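Below is one structure; the comments refer to it alone.
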Amino acid sequence: MSIDVNATFQADTAAARRAAVTEVVDGLQGSQILAIATSVRAMVADGKSVCNLTVGDFKPSEFPVPEKLVAGIHAALEAGETNYPPSDGILELRQAIADMYTRDLGLDYGPGGVIVCSGARPVLYATWRMFTNPGDKTVSFLPAWNVGYYAHLCQTDHHFVPTGADTNFFPTVEQVKAILPDTRLIVMNSPLNPTGTVIDKDVLTGIAQAIVDENNARGDAPPVMLMWDAVYWQLTKNEHPFYSPVQLVPEIAPYVVHIDAISKGFAATGLRVGWAVLPDYLQAKMKALIGHMGAWAGRPEQIATAALLNDPEAIREYNTWIKTEIDARLDTVYGAIMDMKANGLPVDAIAPQGAIYLSFRVKLPGQSNEDIRIKLLEGAGMAVVPFQAFDLREDSGWFRISIGAVSKDELPPMLDRLRAVIQAEVTS
Ligand SMILES: Cc1ncc(COP(=O)(O)O)c(C=O)c1O
């Protein structure tokens, strides 16, 4: 007979149970995006036809990972590569990542400037832990993905600086300069989740220079660090190239931690291989942190990723293919929305520049984003995520469309339904 463990808690009150965890953990919220995605999956299970544009993930049948990754993982497993990897990653993979940064970005960090872990999140969290004490001033810009959760975990004095569509939802150099004094960590991401936009090269140069100037003026006080979340860097439109701030202002190098992974560029979200690229004076500290978290990537996945990254031709071929597939979907949706706009319907969008996202706006005065979200879901079978899930609180009518989980065939009928729903709103 087994013990019904959960029954032993039943006498407990919810309040008592909450009191058993720390205030920090008690105050931590789950992902709003995943909550919306779960409700959409329930609708689909109920037999409803829903075009799921909510998750920042890929449907493997639409976006399979590179064949070389699959074959490499199988081969490594069969070769018995199943023991602990080094806590900063196997040397072969750190070298392959360093070589890729030299080859593609002209940045020579060497393997001593790389930490491998299980996806981008562990190094992202580690960066927060490395540079912030509770109460330190930290900064990010709105809308943005998940930053608030990390600020909460580290109990920092976090400042969210709102941006607007006029700057493709990136901050201006002036906004950054104004917020820099006393700041310990700035978090930025480009191509940007949720907007699908890429930061302008001149703006990034200005921001990087402002950070260098600030640090030069600080003397012995701790510098402001920049977390440069580049997980979508391989997924840009050709006319919107990706830059690391270190390429533009090399003096910023001691203050930049790049966050990267195979998750998005190779549609490999579930294989859990990510890394930080950072100055080698910080590498040993982050290695200790990742090691104690036990957040290693699996050894077979590391071996297979090294083989892939050492094959520029295979990367190029995959990258061309995945960008064509992404563009086909984003361009279809963007084109239809702009056509609706040209026909006087109250919708808008920002032309896609990178990642797998599109910023989509519905302007229905007097209706909250949540009202509109439900209307689109129930009326058009179109599931999207409001920018509130990315901490932009106002009811601005902006939504994120993510195309990683949909087929090209699903889109035209969904867009027809969307047009009908918006048309009905206008004429009612
Ligand atoms: C901007 C950004 N950074 C980091 C991550 C986390 O990536 P990973 O799944 O590799 O942890 C995501 C995932 O959606 C993301 O959108």
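The values are calculated or read from the model by the stated rules, or taken from the named source; none is laboratory data. Computed from a predicted model, the values in this text were never measured in an experiment. Heads up, the Cβs are rebuilt from the backbone with ideal geometry, glycines too, and the neighbour counts pull from every protein chain shown. Note: accessible area is taken over every heavy atom of the protein model, side chains too, but ligands, DNA and RNA are not part of it. Shrake-Rupley method; radii C 1.70, N 1.55, O 1.52, S 1.80 Å.
Taking every alpha-carbon pair in the chain and binning the separations at 10 Å intervals from zero gives 4, 20, 29, 26, 15, 5, 0 percent. Of the residues 347, 82, 330, the one whose Cα sits farthest toward the positive end of the charge dipole of the chain, with +1 on the Cβ of Lys and Arg and -1 on the Cβ of Asp and Glu, is 347. Within a straight-line Cα-Cα reach of under 19 Å, residue 341 can be paired with the following lysines, leaving aside sequence neighbours fewer than 8 residues apart in one chain: 363, 375. Charge dipole of region 88-226 (Cα centre as origin; +1 on each Lys and Arg Cβ, -1 on each Asp and Glu Cβ, all else neutral): 300 debye, rounded to the nearest 20.
Residues 139, 65 ordered from highest to lowest accessible area at a 1.4 Å probe: 65, 139. Cross-link pairs exceeding 20 Å in C-alpha to C-alpha distance, out of 68/237; 48/323; 177/285; 59/323; 237/264, comprise 68/237; 48/323; 177/285.
Mean residue ellipticity, 222 nm, helices only, the chain: the sum of -39500 (n - 2.57) across DSSP H runs of n ≥ 4, divided by residue count and rounded to 500, is -13000 deg cm²/dmol. Rounded to the nearest 10 square angstrom, residue 48 shows an accessible area of 110 square angstrom against a 1.4 Å probe. Measuring only protein heavy atoms, the 1.4 Å probe finds residue 377 accessible over about 20 Å². Counting only DSSP beta bridges with both residues in region 67-311, the antiparallel share comes to about 30 percent.
Dipole of the chain, Cα-centred, from +1 at each Lys and Arg C-beta and -1 at each Asp and Glu C-beta, to the nearest 20 debye? List each step's numbers first, then the result.
On the way: 34 positive and 49 negative charges, 99 e Å.
The calculated dipole for the chain is roughly 480 debye.
Here the relative contact order of the chain, from alpha carbon pairs under 8 Å that lie six or more residues apart, stands at 23 percent.
Counted by Cβ distance under 13 Å from residue 407, the other residues give a net charge of -1, where Lys and Arg count +1 and Asp and Glu count -1.
Considering only 52, 105, 66, the residue lying farthest towards the positive end of the dipole of region 46-167 is 52, judged by Cα position with unit charges set on Cβ.
Note on residue 319 and residue 341: the extension gain reaches 4.7 nm, defined as 0.36 nm multiplied by sequence separation minus the Cα-Cα distance. If the segment from residue 173 to residue 75 were pulled out straight at 0.36 nm per residue, it would be longer than the present Cα-Cα gap by 30.4 nm. Applying D = kT/(6 pi eta Rh) to region 67-311, where Rh is the Kirkwood radius over alpha-carbon pairs, T corresponds to 20 °C and eta to 1.002 mPa s, the Stokes-Einstein value obtained is 117 µm²/s. Centre-to-centre separation between the Cα atoms of region 61-92 and those of region 388-413: 33 Å.
Solvent-accessible surface of protein heavy atoms, probed at 1.4 angstrom with all chains present, puts 43, 293 in the order 293, 43, largest first. Annotation: the antiparallel percentage among DSSP beta bridges lying fully within the chain is about 50.
Taking only C-alpha pairs under 8 Å that are 6+ residues apart, what is the relative contact order of region 290-428 in percent?
21 percent
Its residue count N fixes a reference of 2.2 N^0.38 Å for region 13-95, and the Cα radius of gyration divided by that reference is 1.76. Its relative contact order, with pairs defined as Cα atoms under 8 Å and 6+ residues apart, puts region 67-311 at 33 percent. Accessible surface for residue 39 stands near 50 Å², nearest 10, in the context of the full protein assembly shown (1.4 Å probe). Taken about its Cα centre, region 67-311 carries a charge dipole of roughly 500 debye when the Cβ of each Lys and Arg holds +1 and the Cβ of each Asp and Glu holds -1.
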